[in-house]
Amino acid sequence: GAVVSQHPSWVICKSGTSVKIECRSLDFQATTMFWYRQFPKQSLMLMATSNEGSKATYEQGVEKDKFLINHASLTLSTLTVTSAHPEDSSFYICSARWAGYTFGSGTRLTVV
Amino acid sequence: AQSVTQLDSHVSVSEGTPVLLRCNYSSSYSPSLFWYVQHPNKGLQLLLKYTSAATLVKGINGFEAEFKKSETSFHLTKPSAHMSDAAEYFCVVSEDTGGFKTIFGAGTRLFVKA
């Protein structure tokens, strides 16, 4: 079946640094990927829709300069959290569409 | 270990008839449970969530789910299906025990016949 690999699964970084999260479709090509964010006991929040070869579409309220999304190939989308701050600490998960929708395993980001 | 099992990959109902989408979970702690719906080329939309309050949770669009700890189930129901309900549905479990993690079920595709 379709597999989406997301790395890293967890990361701790210092405030002010940038962190890159990768979302890779292993056995299929994904023209569209989705990035979500989740806080404990809260629902997932769609951050942006990543389209291969074009600019990502960001949801209202999501800072595009802070959460940089690059979908440079049909199998890879990256989310870079720039100048991270403690309030960016969260769980980030990506999703790609093949026959259905497949989700990565998520990344837990902690900014200290 | 945390896991989520959606028991049906596909469910087909006629318009106006009840919908039942089944979800079983396992969790070592008190989890938060969610149901999401995804329409083609759209992001996930939250239908409802359970976070240790009332066990019967009412959501949007007439959906509801009941948390049954003894059965480790969180099935999604709707009394009367509408054509617009045709979509993919995901049962999701989250734990926050110092190692916050979210796991998705494989999804259930709901077909609604006229």
(message) So, A:TYR58, is that one at pLDDT 90 or above, within 20 Å of B:GLU88 (Cβ to Cβ) and within 14 Å of chain B (Cβ to nearest Cβ) or not?
(response) no
(message) Looking at B:PHE74 and the list (1) open to solvent by 50 Å² or more (accessible area, probe 1.4 Å); (2) more than 14 Å from every other protein chain (Cβ to nearest Cβ), which single condition is not satisfied?
(response) (1)
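Find the strands (runs of 3 or more DSSP E) located wholly in region A:6-84 whose residues include 2 or more that are free of Cβ contacts under 8 Å to residues at least 24 places away in the same chain and either closer than 18 Å to A:GLY106 by Cα or not aliphatic (A, V, I, L, M) (or both), and list them. If you could, list the steps in order and put the result at the bottom.
Details: elements: A:10-13, A:19-25, A:32-38, A:45-51, A:67-73, A:76-81.
Where strands (runs of 3 or more DSSP E) fall fully within region A:6-84 and carry at least 2 residues being free of Cβ contacts under 8 Å to residues at least 24 places away in the same chain and either closer than 18 Å to A:GLY106 by Cα or not aliphatic (A, V, I, L, M) (or both), they are A:45-51, A:67-73.
Across region A:34-45, what is the total count of residues that are at pLDDT below 90 and open to solvent by less than 50 Å² (accessible area, probe 1.4 Å)? If you could, list the steps in order and put the result at the bottom.
Our first condition is that a residue be at pLDDT below 90; within region A:34-45, this holds for A:38-45.
Cutting the leftovers down to open to solvent by less than 50 Å² (accessible area, probe 1.4 Å) gives us A:38, A:43-44.
Qualifying residue count, region A:34-45: 3.
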(message) Can you go through A:SER73, A:SER105 and tell me which one is at pLDDT below 90 and out of contact with any strand residue (DSSP E or B) (no Cβ under 8 Å at 6 or more places or on another chain)?
(response) A:SER73
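Only one residue in B:ALA86, B:ALA65 is open to solvent by 20 Å² or more (accessible area, probe 1.4 Å) and small (Gly, Ala, Ser), so which one is that?
Numbers: B:ALA65 fails: open to solvent by 20 Å² or more (accessible area, probe 1.4 Å).
Going through B:ALA86, B:ALA65 in turn, the sole match is B:ALA86.
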(message) Restricting to region A:7-31, count the residues that are at pLDDT below 95 and among the polar types (S, T, N, Q).
(response) 4
(request) Scan (1) part of a loop (DSSP other than H, G, I, E, B); (2) closer than 28 Å to A:VAL11 by Cβ; (3) open to solvent by 70 Å² or more (accessible area, probe 1.4 Å); (4) within 12 Å of another protein chain (Cβ to nearest Cβ) for the single condition B:PRO40 breaks and write down its number. (result) (2)
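I need the full set of residues from region A:93-108 which are more than 10 Å from chain B (Cβ to nearest Cβ) and open to solvent by less than 30 Å² (accessible area, probe 1.4 Å), in order please. Can you show your working first?
Narrowing region A:93-108 to residues more than 10 Å from chain B (Cβ to nearest Cβ): A:94, A:96, A:98, A:107.
Across region A:93-108, the qualifying residues are A:CYS94, A:ALA96, A:THR107.
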(request) Identify, from the list B:VAL112, B:VAL93, the residue that is within 14 Å of chain A (Cβ to nearest Cβ) and in a strand (DSSP E or B). (result) B:VAL93
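Looking for whichever is over 13 Å from the mean Cα position of the chain (by Cα), under 23 Å from A:CYS94 (Cα atoms) and hydroxyl-bearing (Ser, Thr, Tyr) here; the options are B:THR102, B:THR108, B:THR5, B:THR55. Which one fits? Working first, answer last.
Numbers: B:THR108 fails: over 13 Å from the mean Cα position of the chain (by Cα); B:THR5 fails: over 13 Å from the mean Cα position of the chain (by Cα); B:THR55 fails: under 23 Å from A:CYS94 (Cα atoms).
Only one candidate passes the filter, namely B:THR102.
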(request) Being more than 17 Å from B:CYS91 (Cβ to Cβ) and in a strand (DSSP E or B) is the filter; apply it to region B:1-37 and report the residue that is most open to solvent (accessible area, probe 1.4 Å). (result) B:SER12
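The values are calculated or read from the model by the stated rules, or taken from the named source; none is laboratory data. This is a predicted model, so every value here is computed, not measured. Every residue, glycine as well, gets a Cβ built from its backbone with ideal geometry; the counts of neighbours run over all protein chains shown. Accessible surface is based on the protein model in full, side chains and every heavy atom, while ligands, DNA and RNA are left aside. Shrake-Rupley method; radii C 1.70, N 1.55, O 1.52, S 1.80 Å.
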